[in-house]
Amino acid sequence: MNLSAFPDISIVPTLAQHAEALAALVGHNREHLHAFLPAVVHLACVDDAREYLCAAAARAASGDILEWHIFSGTALCGSIRLKEIDTADRKASIGYYVGRQFQGRGIASAAVRAVLAHAFGVLQLNRIALQCAAGNHASMALAGRLGFAHEGVLWQAEWLNGVFVDLHVHALLQADFRPD
């Protein structure tokens, strides 16, 4: 995917060969990821990461979920996915994370923008939704920077770390997407 503004950043489909790098990234970011993505924390084990990546390849082959890894040079720095892909209604949801050590550099924004370009271009989707927990200010800010409209709040829509949290719903339409 095109990340011309970030020549050292690449986005590649997830592969089982990334298992060790994924386990290391998650292991170094357990606390950071646990706040909003506690289900990802178990991927700190190489065997669990490999099993997950093999399942991700099967989901990609069926078109249910498309998932990529974000690399900075040779270092795995995050993951991004399109899920809930509905080709009939031409819509999907997007989710992502980057390790704490890679935040604040524009990597997440560039990766999301590249996947949006793919979704609106190659996949011909019309609408992409982004949902984030009420306390996830970084994701809410990213949604705003990329032109997503805040559509509202789903009250207590996610069970997160033992409590119900509100989810902020953002959406971007193909007609409103600005690739750069």
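The values are calculated or read from the model by the stated rules, or taken from the named source; none is laboratory data. Quantities reported herein were computed from a predicted structural model and do not represent experimental measurements. Glycine also receives a Cβ, built like all others from the backbone with ideal geometry; neighbour counts cover every protein chain displayed.
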| field | Selected residue (only one of R90, R105 is modelled with pLDDT under 95, surrounded by fewer than 18 Cβ atoms within 10 Å (Cβ to Cβ) and either among the basic types (K, R) or touching a Gly at 6+ places or on another chain (Cβ under 6 Å) (or both)) | value | R105
| request: Would you check which residues across segment 43-52 are out of contact with any Ser or Thr (no Cβ under 9 Å at 6 or more places or on another chain), surrounded by 14 or more Cβ atoms within 10 Å (Cβ to Cβ) and either within 23 Å of Q131 (Cα to Cα) or of a type outside the set (V, I, T) (or both) and list them? | output: L43, A44, C45, D48, A49, R50, E51
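Restricting attention to segment 88-106, and to residues there that are on the phi > 0 side of the Ramachandran plot and touching a residue at least 24 places away in the same chain (Cβ under 8 Å), which single residue is farthest from the chain's Cα centre (by Cα)? Break it down stepwise before answering.
To start, the set of residues in segment 88-106 that are on the phi > 0 side of the Ramachandran plot comprises 90, 104, 106.
Restricting the remaining residues to those that are touching a residue at least 24 places away in the same chain (Cβ under 8 Å) gives 90, 106.
Numbers: R90: 19, G106: 14 Å.
Going through the qualifying residues, I end up with R90.
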| note | Of (1) farther than 29 Å from L125 by Cα; (2) out of contact with any Lys or Arg (no Cβ under 8 Å at 6 or more places or on another chain), V41 satisfies every one except (2)
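Which one is modelled with the highest pLDDT among residues in segment 3-14 that are in contact with a helix residue (DSSP H, G or I) (Cβ under 8 Å, 6 or more places away or on another chain) and surrounded by fewer than 14 Cβ atoms within 10 Å (Cβ to Cβ)?
Keep residues of segment 3-14 that are in contact with a helix residue (DSSP H, G or I) (Cβ under 8 Å, 6 or more places away or on another chain), which gives 3, 5-6, 9, 11, 13-14.
Applying the additional criterion that residues be surrounded by fewer than 14 Cβ atoms within 10 Å (Cβ to Cβ) yields 5, 13.
Details: A5: 63, P13: 94.
Restricting to residues being in contact with a helix residue (DSSP H, G or I) (Cβ under 8 Å, 6 or more places away or on another chain) and surrounded by fewer than 14 Cβ atoms within 10 Å (Cβ to Cβ), the top hit is P13.
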| said: Tell me the residue from I128, I107 that is of a type in the set (A, V, I, L, M) and closer than 22 Å to L25 by Cβ, please. | reply: I107
| query | Scanning segment 150-170 for residues that are among the hydrophobic types (A, V, I, L, M, F, W, C) and within 18 Å of the chain's Cα centre (by Cα), which turns out surrounded by the fewest Cβ atoms within 10 Å (Cβ to Cβ)? | reply | L167
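Of all the residues that make up segment 98-136, how many are closer than 19 Å to G147 by Cα and of a type in the set (F, W, Y)? Break it down into steps so the answer makes sense when it comes.
Going through segment 98-136, the residues closer than 19 Å to G147 by Cα turn out to be 104-121, 124-134, 136.
Checking which are of a type in the set (F, W, Y) leaves us with 120.
Looking only at that region, the number is 1.
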| request: Keeping to segment 53-87, report how many residues are among the hydroxyl-bearing types (S, T, Y) and either buried (at least 20 other Cβ atoms within 10 Å of the Cβ) or in contact (Cβ under 8 Å) with a residue 60 or more places away in the chain (or both). | output: 2
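Looking only at segment 19-40, filter to residues that are in contact (Cβ under 8 Å) with a residue 12 or more places away in the chain and surrounded by fewer than 17 Cβ atoms within 10 Å (Cβ to Cβ); which one of those is farthest from A138 (Cα to Cα)?
Start the filter on segment 19-40 by keeping residues that are in contact (Cβ under 8 Å) with a residue 12 or more places away in the chain, which leaves 19-30, 32-38, 40.
Imposing the further condition that a residue be surrounded by fewer than 17 Cβ atoms within 10 Å (Cβ to Cβ) reduces the set to 20, 24, 27-28, 30, 34-35, 38.
Details: E20: 27, A24: 23, G27: 21, H28: 19, R30: 17, H34: 15, A35: 12, P38: 17 Å.
In this case the residue turns out to be E20.
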